[in-house]
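Below is one structure, written out as structure tokens; comments come after it.
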Amino acid sequence: MLLFDTHCHLTDIFDSLPENFPADYSCIGNILSVTYRYSDWDKNILFAKRFVNVIPAFGIHPLFITDDDKNHLNQYESYLDIFPTSIIGEIGLDFYHNPTYSEKLKQYDLFSQQIAIAKHFQRPIIIHQRKSQQECISLLKSQNFDCGGFAHGFSGSLEQALQWIDYGFVLGIGCVLLRNNSRLREILPRLPSWAWVLESDAPFMQKNNSPIIIQEIAKIAAKLCNKNTEDITNNTTNNVYRILNMYS
Ligand SMILES: [Zn+2]
């Protein structure tokens with residue numbers, strides 16, 4: 001089994017990918033190519049059509065909302081239709097920079113509409129949240145969202161981790177684990193092996209970041225959990241298949 005990068009912004013890194021992409025990433029089996037604005041959706045479709053190992057996700061991120069977005073929401077259907085395995089993300093709430101009341105309202109409004117679409121089409125969601133986990137979960141629950149998904153870039157407490165897990169989400173473990181003093185290093189071994197997956201978030205988080213970084217993350221995870229990298233690979237990739245319903 002190969003590694004699965006569950007959060008990569010291929011539309012942002014495509015020009016810097018190795019010439020023989022994806023063959024040069026021999027350790028990576030699949031990539032979930034995540035978008036954060038409508039203007040990248042077409043490009044994402046092209047990648048997913050060209051590379052069988054790329055699964056597209058379509059979303060509008062809370063910090064990239066434009067006045068035009070509402071007009072595009074009804075086009076989700078055609079995008080999701082092209083790829084039955086495609087999902088919605090990244091979407092959510094971001095209160096990190098203390099948004100104003102009206103900014104918050106806009107974030108809530110767009111997030112809520114995208115949750116409704118995910119529920120309607122029964123697709124998992126990739127959640128982006130900063131300083132808003134409680135608000136995200138409350139909104140999802142108030143809309144009876146029950147398709148699970150990925151809590152991307154997880155770096156919270158054990159209690160916060162269990163909140164997502166109880167709700168049917170897996171945690172996206174990424175570059176935060178590479179930091180020596182990260183709290184995540186203490187939490188990870190205490191989580192069930194079926195509850196987390198790996199992500200690069202390339203090109204963000206690290207200088208020159210690329211999907212290949214999840215190999216490093218898997219190695220550290222293996223050490224922390226007292227397992228070998230092969231176990232980590234099998235567990236995390238199987239977890240993604242489960243969320244995406246990619247059973248063969
Ligand atoms: Zn992202």
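Taking the condition of being crowded, with 24+ Cβ neighbours inside 10 Å and under 19 Å from Asn235 (Cα atoms), how many residues in segment 185-216 meet it?
The qualifying residues number 7.
Is it the case that Ser193 is among the hydroxyl-bearing types (Ser, Thr, Tyr) and within 15 Å of the chain's Cα centre (by Cα)? Lay out the reasoning, then the answer.
Values: among the hydroxyl-bearing types (Ser, Thr, Tyr): yes; within 15 Å of the chain's Cα centre (by Cα): no.
It is false that Ser193 is among the hydroxyl-bearing types (Ser, Thr, Tyr) and within 15 Å of the chain's Cα centre (by Cα).
Looking at segment 210-232, which of its residues are farther than 16 Å from Arg179 by Cα and small (Gly, Ala, Ser)?
Ser210
Any residue in segment 120-131 that is part of a helix (DSSP H, G or I) and either surrounded by 19 or more Cβ atoms within 10 Å (Cβ to Cβ) or of a type outside the set (Gly, Ala, Ser) (or both)?
Yes: one or more hits.
Step by step: first the residues of segment 124-136, then only those that are more than 16 Å from the chain's Cα centre (by Cα) and without any contact (Cβ under 8 Å) to a residue 40 or more places away in the chain, then the one that is nearest to the ligand (Cβ to nearest atom). Which residue is that?
Lys131
Pick from Phe121, Phe150, Phe111, Phe204: which is within 16 Å of the ligand (Cβ to nearest atom) and touching a Leu at 6+ places or on another chain (Cβ under 7 Å)? Break it down stepwise before answering.
Numbers: Phe121 fails: within 16 Å of the ligand (Cβ to nearest atom); Phe150 fails: touching a Leu at 6+ places or on another chain (Cβ under 7 Å); Phe204 fails: touching a Leu at 6+ places or on another chain (Cβ under 7 Å).
Answer to the check: Phe111.
Quick grid of which residues meet (1) out of contact with any Lys or Arg (no Cβ under 6 Å at 6 or more places or on another chain); (2) of a type outside the set (S, T, N, Q); (3) modelled with pLDDT of 95 or more:
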{"position": "Gln134", "(1), (2), (3)": "yes, no, yes"}
{"position": "Phe145", "(1), (2), (3)": "no, yes, yes"}
{"position": "Glu186", "(1), (2), (3)": "yes, yes, yes"}
{"position": "Ala195", "(1), (2), (3)": "yes, yes, yes"}
{"position": "Ile220", "(1), (2), (3)": "yes, yes, yes"}
{"position": "Ile232", "(1), (2), (3)": "yes, yes, yes"}
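Just checking, which of Phe83, Phe51, Phe111 is buried (at least 17 other Cβ atoms within 10 Å of the Cβ), modelled with pLDDT under 95 and within 23 Å of Leu244 (Cα to Cα)?
Every option except Phe83 fails the conditions.
So which residues in segment 25-48 are surrounded by 13 or more Cβ atoms within 10 Å (Cβ to Cβ) and modelled with pLDDT under 90?
Matches in segment 25-48: Tyr25 only.
Scan segment 195-209 for residues that are farther than 15 Å from Gly29 by Cβ and touching a strand residue (DSSP E or B) at 6+ places or on another chain (Cβ under 8 Å) and jot them down.
From segment 195-209, those farther than 15 Å from Gly29 by Cβ are 195-196, 201-209; that's our starting set.
Of everything in segment 195-209, those that are farther than 15 Å from Gly29 by Cβ and touching a strand residue (DSSP E or B) at 6+ places or on another chain (Cβ under 8 Å) turn out to be Ala195, Trp196, Asp201, Ala202, Asn209.
Yes or no: segment 164-181 includes at least one residue that is under 19 Å from Tyr25 (Cα atoms), surrounded by fewer than 22 Cβ atoms within 10 Å (Cβ to Cβ) and either in contact (Cβ under 8 Å) with a residue 60 or more places away in the chain or more than 16 Å from the ligand (Cβ to nearest atom) (or both).
no
Among the residues of segment 96-123, which ones are among the aromatic types (Phe, Trp, Tyr) and touching a residue at least 12 places away in the same chain (Cβ under 8 Å)?
Step one: list which residues in segment 96-123 are among the aromatic types (Phe, Trp, Tyr), which gives 96, 101, 108, 111, 121.
Result: Tyr96, Tyr108, Phe111, Phe121.
The values are calculated or read from the model by the stated rules, or taken from the named source; none is laboratory data. Bear in mind the structure is a predicted one, so any value in this text is a computation, not a measurement. Using ideal geometry, Cβ is built from the backbone for each residue, glycine included, and neighbour counts are taken over all protein chains shown.
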